Each structure stands twice: as C-alpha cells, then as structure tokens.
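See structure below.
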Amino acid sequence: LPFARRFLLLVFGDLTSIVDNPLASHRNVAQRTTAAMSQRNLLLIGGTALLASAGLAVIAMSSRNNNNKKKKKPAFKPTRIPVAGTIAKYRLTSIIRPEGHFVGGVTAFDAVDTGLENDTTFSDFMSSNKTNQTVCYCFDVSARVLVFLSCPSREALWREPFLDRGIRKLASEDVFICSFETAHAYVRENPKPRPDATLQWIWNTGRCGSTLMSRVMVASGSAVSLSEPWWFDELCFAIDDGALPEAELDELVKTLHVVDFKLASDMWPEATVFSMNPKGKGHPVRPSILRAFPDGKHMFMYRDTRKVVESFGSIFSNNMPWYIKFAMNLGLGGPPPINKKAFSDPRLSEMFESGDLRLPKRLNPIAQRITAMWVDGVSSWIRLRESEPLLGDSVTIRMDEFVTKDLDKRRENVRAVLKSVGIEGKESIELGMTAFNKHSQAGTRMATSSASAGTKKFLTAEDADSIAEFVA
C-alpha cells in the first residue's frame, strides 16, 4: 500500500530497501537489519507495526460498517398507515437514546402498531397535546408519513438545547403516525400556528450563538422556538437527494413548520412569534421557506471562521476514538473529499468546479468541510440579501457583539432582535436577558469545544492563518 511505504520511509529510512527490492536475499537483509537496529529500534518497529495494524483494522471495520449501512433497512417501517384525516398510535419498542451526531429519523427507533381502536382524528390530536406531550420528530418520504414522538414532559424537553437529540433521550412509549395528505389537509385549513403569528428563522454558521438566541426568544415570554428538530435536517437530505418535486417539497416544508409550531404553542399560549433555529448547514431549505412563507422574518448569525472551525473541529476530535484519529492522520477515512455539491450557492459551486475556489490544502478533511460550510452559509445569506429587497429589515449579528460583556450593548442587541419580530417592552427585554445566565448547550457534547473544555487546539496557528487568507 502506498501509505505503508511512506510510513516505512519515514520511520525506517534505509531499511525500506526491503520494500524496494523484495528479491534481496534473506541473509543480506538480515545482516543489514542486525547492523542497523538497536533494541530501541526493535521496540519502535514493534510499536509502529502494532499501530499500523490497528489502523488497517479500523479501515477494514469502517469499510465493513459502511457496507452494512448501505444494506441496512430502516428500523421503523409502519405496518399500517391510518386513513385520511386520522392518526395512528404505535408503541415504542426501541430507540437510540445516547447523544450522537448524525443519528436520527426512522433508523433511530422501532415501534409496533397498537391497533385501529386507538386511532383518533388528526384535529383532535392537534388540540390535545397537553395530554399527548408530543413533537413532530421525522418524516419518511417512501412511506409518506410524519412521525410524532412523545415524552413525559415537554418542559423538560425544552430544557434540552437540541430537540433532535433531546426527544430521543426523553422519548416515552407513545408514537403517532399520519399520512402526508392528512397533515397537509390540516395545514390548508390552519395555515399558521395562530392567525396573528409571526414566523422567524435564525439562520447561522453554527457555533455562533444561535442556540442562545433561541433561548432568548423563549425567555422573552412572547415566542415559541424550535431548536434543531430532526425533520429540518431531513428536509436538507431530501433536497440533496432530489427526493421531492419543488411543489411537494414546499408543501411539506410548510406542513412541518405549522404542525410542530402548533403542537408547542400551548406551552406559551400568549406567544405570537414562532422561531426556528436550524443547524448551520440548514440554509438549502431557505428557498422553499421563502416560497412557503413569503411574509416570514429572517436573521443571520455568524462568527469568525477560524473560531467556528476550531469549535466544531475540537468537539468532533475530542469525541473521536484515538484509532480513528490515527487512520485519518494517515489520510484514511474521515469526511469524503469536497466537491461542488458541498456548496448550495451556485456561484461557489461553479467557482469550485472551475478551480477558482480552492480550500487550503494544509487543512485536514474535517477542517476543510467546516470551512466550506461557513463560506457557503455566509455567501448564500449575502446573495439572499442582494436579491430579496423585502429582507432589508432583517438582522445580521456577529457572535462577539451578541455576547459582549458590556451589558448595555448586550441589552440593546436583545432589544433590536426582539423588535425585528414585533416584540417590544422593557419586561420582554429583561426576560430575554436572563437567557445569558446559563451556558445554552450545557451538558451536551457541543459544550466540549477546546475553548470550553480547555483541551488541545484542533487548529495549528498555520491552519488558522490559511483559513483567514482563504476567507479574505
């Protein structure tokens, strides 16, 4: 293998003639080896061989796991889809509860049908969530169903920073499913969570304070906020796969937002603002949202590219087994190479394909992908602002400004953000300010960045400089 030869050249120098000339006599090789090696070298070779073997084993296991994933069928497949206008109750039999990245949807749980006698009308389901305690969790394009998971307490769920991981952690046994058509029909009759609702999206680069912003909105007492529901990620996957025609995608986008906002609204009955906080890679859904909700409000949060890459990268690295890191350092495994599909902004995609956009080669694959995500998010927001004059009153805010230690400036930022969605008054501002009293992602892996945990830096000084030069 090429990497093995490079490894031998690096560690053993002249002894790589064994590789270069495999026909050399065993006696000559043995004589040269004995003359060249000390006991220390033997230990080094033994240790290196062990590490190399571990690396190869990881690669083999990774390849086998990837093949298994391709063959694996979804864990949950509805055995019965209820008739139009109704929703069926299933019983949860298993679910992946531990926090983990890129885990979710129908592959994260299984459930069995409890029978036709437990079906109810969808309108009754939507109006009795104080009893059901549900959220919309995911959807399945192939079965054309929405899936709702329940929990013992939605108040406890909303204390979790992220709904996608929080609901898996807290899920109770009741699972509900309905057809796309049933949910669409409900939304056609109820096109907003409430007639006077203002809908808002907190677009972001990731690691920039958007979870805290979501907390501020809820703390104000006048807003419902959904932070990173799994179905929003699935919309990104569906767009990337081209799984739905534009008209069907737009209808599904509208249905998911309205239904999930409506289910949460009874916890804040006075709220008139409904805010969505997607992940940093969520902006591919934005064109569909603009079509489905032309009067929606939008804001954008960002942070210095180097800090975003360092934060994401150190979190992933801190939670990565040593043997995976070892294999990646040999150039094996890790994220797939960047291609034009990494960019939702057509301009960036074309520039990348033509060679005019080249990510720093010195960065490892993870750092390259995070950098690409940041550039795509910022560029697409700038492009949107240029093409959509109605977004002229939208808010763009940098994390450093939002979390400033100057409390007067922080209070002014909160005031401006709330005012942009029609929330005014000193009481709302002061309530919003209370969200800063606690780390918004406390208790999760996302609170284990190098800055928070004091661990080893993910980026070298040279890496950071190359990112700054690239972005400039």
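The values are calculated or read from the model by the stated rules, or taken from the named source; none is laboratory data. Note that the structure is predicted; figures quoted are calculated from it, not measured. Please note: Cβ atoms are built from the backbone with ideal geometry, for glycine as well, and neighbour counts cover all protein chains shown. Remember, those area values only see protein heavy atoms, side chains included, never the ligands or the DNA or RNA. Shrake-Rupley method; radii C 1.70, N 1.55, O 1.52, S 1.80 Å.
If I compute solvent accessible area with a 1.4 Å probe over the protein chains, what percent of it on region 290-440 is carbon and sulfur?
Ligands and nucleic acids excluded, carbon and sulfur give 52 percent.
Using only the Cα atoms of region 372-472, build the gyration tensor, take square roots of its eigenvalues as a ≥ b ≥ c, and label the shape rounded, prolate or oblate: rounded if a/c is under 1.5, else prolate if a/b is larger than b/c, else oblate.
Oblate, because a/c is 1.5 or more while a/b does not exceed b/c.
Determine the dipole magnitude for region 75-161: charges of +1 sit on the beta-carbon of Lys and Arg, -1 on that of Asp and Glu, nothing else is charged, the reference point is the Cα centre, and the result goes in debye to the nearest 20. Write down the numbers at each step before the final one.
On the way: 9 positive and 9 negative charges, 7 e Å.
In debye, rounded to 20, region 75-161 gives about 40.
Rolling a 1.4 Å sphere over the protein heavy atoms, what is the accessible area per residue of region 108-154, to the nearest Å²?
Working: 1800 Å² over 47 residues.
I get 38 Å² per residue for region 108-154.
Of the cross-linked pairs LYS89/LYS438; LYS130/LYS254; LYS130/LYS307; LYS262/LYS426, which ones have a Cα-Cα span greater than 31 Å in the structure shown?
In this structure, LYS89/LYS438; LYS130/LYS307 lie more than 31 Å apart at Cα.
Report the extension gain between GLU270 and GLU155 in nm, rounded to one decimal, defined as 0.36 nm multiplied by the number of residues separating them, less their alpha carbon distance.
Numbers: separation 115, 0.36 × 115 = 41.40 nm, distance 1.63 nm.
Going from the current span to full extension adds 39.8 nm.
Could you report region 283-360's accessible area per residue, 1.4 Å probe, as an integer in Å²?
49
Of the heavy-atom accessible surface of region 211-259 (probe 1.4 angstrom), what whole percent is carbon and sulfur?
51
Keeping all protein chains in place, calculate the accessible area per residue for region 392-462 (probe 1.4 angstrom), answer in Å².
About 60 Å² of surface per residue is accessible.
Sort 170-179, 338-347 for me by packing, meaning the mean count of neighbouring Cβ atoms within 10 Å per residue, highest on top.
Final packing ranking: 170-179, 338-347.
Could the peptides 353-365, 307-319, 187-199 be put in order, highest first, of the mean number of other beta-carbon atoms found within 10 Å of their residues?
Per-residue mean Cβ counts within 10 Å order the peptides as 307-319, 187-199, 353-365.
Which value, in debye to the nearest 20, gives the size of the charge dipole of region 323-433 about its Cα centre, when Lys and Arg are +1 and Asp and Glu are -1 at the Cβ?
Details: 18 positive and 16 negative charges, 118 e Å.
Charge dipole of region 323-433: 560 debye, to the nearest 20.
First measure r as the distance between the Cβ atoms of ARG144 and ASP110, then evaluate 1/(1 + (r/R0)^6) with R0 = 25 Å and state the FRET efficiency to the nearest 0.05.
0.85
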